[in-house]
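Asks: Quick one: the structure is below, questions incoming.
The values are calculated or read from the model by the stated rules, or taken from the named source; none is laboratory data. Since the model is a prediction, treat every value here as computed from it, not as a measurement. Here the Cβ positions follow ideal geometry from the backbone for every residue, glycine too, while neighbour counts run over all protein chains shown. Remember, those area values only see protein heavy atoms, side chains included, never the ligands or the DNA or RNA. Shrake-Rupley method; radii C 1.70, N 1.55, O 1.52, S 1.80 Å.
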Amino acid sequence: MPPSIHYWNYPTEIFCGAEALHGLAQRCALLGMARPLLVTDPGMLELEPFGLLTAHLEQSRQGFAVFAELASNPSLDDVQRGVQAFRAGGHDSLIALGGGSAMDAAKGIALAAVDPQGLQRFEWSQVIEHYPSLSDFPRLGLPPLIALPTTAGTGSELGREAVLTDSQQQVKRVISHPELLPACVILDPLLTRGLPPALTAATGMDALTHHIEAFCSPLYHPMSSAIAVEGMRLVQQHLRRAVSHGQDLDAREGMLVASAMAAVAFQKGLGGVHALAHPLGARYHRHHGLLNAVLLPYVLVANQPVIAEEIGRLARYLDLPRGDFQGFLDWILALRAELGIPHCLADIGLDSHEAEWVGAQALADISSSDTNARPLSAADYSQIFRNAVHGVLPGARP
């Protein structure tokens, strides 16, 4: 293995560095992957990462087929079509190339191909009730999955969950099982260098939101808290440069690492930003990272009464000009403005006429709302949503 490639096993095998892709064929062989199904989104088919990956697989004489029938927010129906392709092609494994959409779809396909009822059995509400620890889950023997992210935002490559849209109910379902964690992750910044600045910004803010919400979760998980703090520092160090200088591989790699770390950090939980973003993404089909980026300061202010002291410590660790909650909020607002993130949801075409529905759905999203920094009601979420639509950011307390 070249000295430029970093190898970690936390919480699964990770190969990180430029040209880490070249180790893919060896990992496939070691995992017994004779005929993988390559899962990606349709927009990826004409882009450089897809060409690099398929050329590598063809050169190594790796048999594979491509499934790319995915929406930007992959649905349960997309997964079922993927299962049909997996079975029809006699596939024994999966490779996911792309952002969270490809990762989540590939995980869903792996689960539903083995357990036709798995998407229902392991939905979050069922997990909370029946599987309180990882050892409580039944062993399913899911096909191995290798994940190659082309964005630095969702961190799905290091998660045991898949977020899939229930198109009929217009809600997102969180599916969880320990075997959804990919067997191997390849973090190659060469696969991300073509990501446009706006998507680099939105996905980077998504990673930052994951770290902030994990850090603010009331659950006790000091290991995840520590990872969140360092992940935020990496975002602070690399995101601006990744957006303004997309060919900077050091910045691209730093953001890939920050994004992957976020999935480990949010073992501690997420919060109100995601509780709101999930139903908004399912109903209005807006980019998940962009929704998180817009919503973040409004939820921070709503949570201020219980997070001000912790956020102040964080502001001092990040060496911000003002070491308190207001200093941290000022940094978030300035970063968003510099990256071109809209200030309010109205700027991306949303209005507040369904605020009550949004509030009810946010509260019902127990995978996120249960670990928000403070308990919020449906009415609270409705008001946060209205504030975010109209750009009303209540003054932070000194």
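Asks: For the chain, with every protein chain kept in place, what is the accessible area per residue (1.4 Å probe, Å²)?
Replies: 39 Å²
Asks: Turning to a different aspect of this structure: Could you tell me the relative contact order of region 197-390? Use alpha-carbon pairs under 8 Å, at least six residues apart, and round to a whole percent.
Replies: Taking the mean separation of contacting Cα pairs over the length of region 197-390, I get 26 percent.
Asks: Out of region 304-352, which trypsin sites (Lys or Arg not before Pro) are coil in DSSP terms and have no more than 14 other C-beta atoms within 10 Å?
Replies: ARG322
Asks: About its Cα centre, how strong a charge dipole does the chain have in debye, to the nearest 20, once Lys and Arg get +1 and Asp and Glu get -1 at the Cβ?
Replies: The dipole of the chain has a size of about 260 debye.
Asks: So how long is each side of region 197-390 along the principal axes, counting just the alpha-carbon atoms, biggest first, in Å?
Replies: The Cα atoms of region 197-390 stretch 44, 35, 28 Å along the principal axes, largest first.
Asks: Return the long-range amide H neighbours of CYS184 (sequence gap of 5 or more, or a different chain), with a cut-off of under 5 Å between placed amide H atoms.
Replies: LEU145, ALA147
Asks: Can you tell me the relative contact order of the chain? Whole percent, Cα pairs under 8 Å, sequence separation 6 or more.
Replies: Result for the chain is 15 percent.
Asks: Additional query: So which trypsin sites (Lys or Arg not before Pro) in region 26-106 pass both tests, a DSSP loop state and at most 15 other Cβ atoms within 10 Å of the Cβ?
Replies: ARG61
Asks: Round to a whole angstrom and tell me the spacing of the C-alpha centers of region 354-393 and region 29-107.
Replies: Cα centres, region 354-393 to region 29-107: 35 Å.
Asks: Write out the chymotrypsin sites (Phe, Trp or Tyr not before Pro) in region 281-366 meeting two conditions: DSSP loop, and at most 10 other Cβ atoms within 10 Å of their Cβ.
Replies: none
Asks: Let me ask something else. How long are the three semi-axes of the equivalent ellipsoid for the chain, computed from the Cα gyration tensor as the root of 5 times each eigenvalue, in whole Å, largest first?
Replies: Gyration-tensor ellipsoid for the chain: 33, 24, 19 Å.
Asks: I would also like to ask the following. Projected onto the charge dipole of region 197-390 (+1 at Lys/Arg Cβ, -1 at Asp/Glu Cβ, origin at the Cα centre), which of ALA355, GLN236, PHE328 gives the Cα projection farthest towards the positive end?
Replies: Final value for the positive-end residue is GLN236.
Asks: Just to make sure I understand: if all protein chains stay in place, what is the order of LEU30, LEU249 by accessible area at 1.4 Å, largest first?
Replies: The most accessible residue leads, giving LEU30, LEU249.
Asks: Between region 172-230 and region 303-339, how far is it from one alpha carbon centroid to the other, in angstrom?
Replies: 20 Å
Asks: To the nearest µm²/s, what D does Stokes-Einstein give for region 193-252 at 37 °C and 0.692 mPa s, using the Kirkwood radius over alpha carbon pairs as Rh?
Replies: In µm²/s, the coefficient is 272.
Asks: A further question on this structure: If one puts a single equal scatterer on every Cα of region 73-176 and applies the Debye formula without solvent, what log₁₀ I(q)/I(0) results at q = 0.14, 0.20, 0.22 Å⁻¹?
Replies: With one equal scatterer per Cα and no solvent, log10 I(q)/I(0) is -0.51, -1.06, -1.27.
Asks: Using only the C-alpha atoms of region 264-328, find the volume of their convex hull and express it per residue in Å³.
Replies: Looking at region 264-328, the number lands at 105 Å³ per residue.
Asks: OK, next. Roughly how large, in nm² to one decimal, is the mean projection of the convex hull of the alpha-carbon atoms in region 13-191?
Replies: 9.6 nm²
Asks: What are the radius of gyration and Dmax of region 123-180, computed over its Cα atoms and given in Å?
Replies: Radius of gyration, then largest Cα-Cα span, for region 123-180: 13.0, 35 Å.
Asks: Further question on the same structure: Could you tell me what percent of the accessible area of the chain is made up of carbon and sulfur, with a 1.4 Å probe and every protein chain present?
Replies: The C+S portion of the solvent-accessible surface of the chain is 54 percent.
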